[in-house]
1. Looking at (1) part of a loop (DSSP other than H, G, I, E, B); (2) open to solvent by 20 Å² or more (accessible area, probe 1.4 Å); (3) touching a residue at least 40 places away in the same chain (Cβ under 8 Å), which is the one condition that is false for Gly170?
2. Just the residues that are part of a strand (DSSP E or B) and open to solvent by less than 10 Å² (accessible area, probe 1.4 Å), please, taken from the range 81-93.
3. Collect the residues in the range 175-197 that are small (Gly, Ala, Ser), assigned to a strand (DSSP E or B) and either without any contact (Cβ under 8 Å) to a residue 24 or more places away in the chain or exposed (fewer than 14 other Cβ atoms within 10 Å of the Cβ) (or both), keeping them in residue-number order.
4. Report, by residue number, each residue of the range 101-153 that is among the hydrophobic types (A, V, I, L, M, F, W, C) and open to solvent by 60 Å² or more (accessible area, probe 1.4 Å).
5. Which numbered condition in (1) open to solvent by less than 30 Å² (accessible area, probe 1.4 Å); (2) of a type outside the set (A, V, I, L, M); (3) not in a helix (DSSP H, G or I) is the only one that Phe96 fails?
6. Output the residue which, of all residues in the range 222-240 that are open to solvent by 10 Å² or more (accessible area, probe 1.4 Å) and within 18 Å of the chain's Cα centre (by Cα), is nearest to Leu304 (Cα to Cα).
7. Tell me, yes or no, whether the range 301-311 has at least one residue that is at negative phi and in a strand (DSSP E or B).
8. Consider only pairs whose beta carbons are under 7 Å apart and that are at least six residues apart or on different chains; among these, list those whose first residue lies in the range 335-351 and is over 18 Å from Ser270 (Cα atoms) and part of a strand (DSSP E or B) and whose second residue is open to solvent by 10 Å² or more (accessible area, probe 1.4 Å) and not aromatic (Phe, Trp, Tyr).
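The values are calculated or read from the model by the stated rules, or taken from the named source; none is laboratory data. All values derive from a computational prediction rather than experimental measurement. Every residue, glycine as well, gets a Cβ built from its backbone with ideal geometry; the counts of neighbours run over all protein chains shown. Just the protein is used for accessible areas: all its heavy atoms, side chains included, with ligands, DNA and RNA removed. Shrake-Rupley method; radii C 1.70, N 1.55, O 1.52, S 1.80 Å.
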Amino acid sequence: MKRIGTFVLATALAASVLYQLPAQSHRSQPQEIYHRAWQLVRDNYYDASFNHLDWNEYEHKYDNDIKSNSDAYKSIKTMLEALNDPYTRFLDPKMFQDENDAIDARIVGIGINLQQSKDLQKLIVTRTIEGGPAEIAGLRAGDEMVAVDGLSAIGMSPEQAAEHIRGHEGSAVSISVKRGEGEKTVTITRQQITIHAVSAKVLDNGIGLITLSTFISNDASKEFRNGLAKLSNTDGIVLDLRDNPGGLLSNALEIADMLLENGAIVSTISRHGRHTDLASGEPLTHQPIVVLVDDESASASEILASALQDNGRGVLIGTKTYGKGLVQEINRLPSGAAVHITVSRYLTPGGTDINKVGVAPDINVSSKDDQMKVALAYLKEKIASLKPGKNQIKANVSMSPIKPPALANK
């Protein structure tokens, strides 16, 4: 999936994602692999016109070309590209395994996030995992990656870089980075990394900061719940969704339900109808909330942000979000490969389609440093206006997770 910013933890994970979980299949003949992919798109693609393609034409189009799994993979890629939908795409078995590892919150790599520059020429380190191999080796946010194992990274996509960075646990990779006018090369040993989606801390002014960096991990909603508990005695919460590319739909729904007093969370519209998820009315906290967003806050981040905004539960501060209003389903293919298929579009609680538009903040602040300052100032005024006893977290609340829309293929 091509886009300017891509979320990578030394894997080929795509950013701006909103996924549902894999379907299963067991046949493994090359032509069956291709046909299964064609069938899944036929039955589930959100646009009944298939972006004005005659989808039936593709059912047997490559029969004479498919003799091996590799042939099937190539034909599937070509078929999916015809849809002109960057989010409907093919994953070979290795890429699919990497994605499953990320969902399981464990991965072998060096622990970095990479983002491609707008001219597609530079790879910028946007984050290093705390205590991870890259951080220990001295890499830090803002570094430009210029080479991997001596291979130039100029013009390399984050996915391509991930192919070179990842490897077996205990093996080494050489990373060259540019920082200012200087350049250095470090050798980093790959390790198994536990991906933490949430960090929570109490700031000096008694306000809590909870940073949600991804929705991809199965543990994200559990970590968020624990983060809220850690901040239970603070007067208000800053929720930082900046640079969060999205992830699993179920996480967005569950986290929104932890914060909303009531109301709709999101509506999804597929070829099979419309489904609206509603808050349970049992929030875990009534603390005032400010949400930080930017142009890399995408997909699941936008669902959570707009749910809080449209329901009057939180004020958005920052810049307009990425604008990804489509939902993909992960479908396993025979042989261990997979396809991501766009199965629905979504609307915010207010009925807005934010695809290619984004969510506009309530208070527009372009500077990242200033965004936090404005958030804290706003919360301080908000807290001062509240009566005592309104901001306590509910203890021992038993809440069943909200179920995502029923899948057409499980």
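1. Only one criterion is unmet by Gly170, namely (3).
2. Residues of the range 81-93 part of a strand (DSSP E or B): 89-91.
Matches in the range 81-93: Leu91 only.
3. The initial filter retains those residues of the range 175-197 that are small (Gly, Ala, Ser), namely 176, 180, 182, 197.
Subsequent filtering for residues that are assigned to a strand (DSSP E or B) retains 176, 182.
Hit for the range 175-197 is Gly182, nothing else.
4. Just the residues of the range 101-153 that are among the hydrophobic types (A, V, I, L, M, F, W, C), to begin with: 102-103, 105, 107-108, 110, 112, 114, 120, 123-125, 129, 134, 136-137, 139, 141, 145-148, 151, 153.
Correct list: Leu120, Ile136, Ala141, Leu151.
5. Looking at each condition in turn, Phe96 falls short on (3).
6. Step one: list which residues in the range 222-240 are open to solvent by 10 Å² or more (accessible area, probe 1.4 Å), which gives 222-223, 225-226, 229-230, 232-233, 235, 240.
Filter again for within 18 Å of the chain's Cα centre (by Cα), leaving 222-223, 240.
Working: Lys222: 16, Glu223: 16, Asp240: 11 Å.
So the residue we want is Asp240.
7. Step one: filter the range 301-311 for residues at negative phi, giving 301-311.
Of the ones still in play, those that are also in a strand (DSSP E or B) are none.
Checked the range 301-311: no residue is at negative phi and in a strand (DSSP E or B).
8. Close Cβ pairs (under 7 Å, with a partner that is open to solvent by 10 Å² or more (accessible area, probe 1.4 Å) and not aromatic (Phe, Trp, Tyr)) amount to Ala338/Pro22; Ala338/Arg332.
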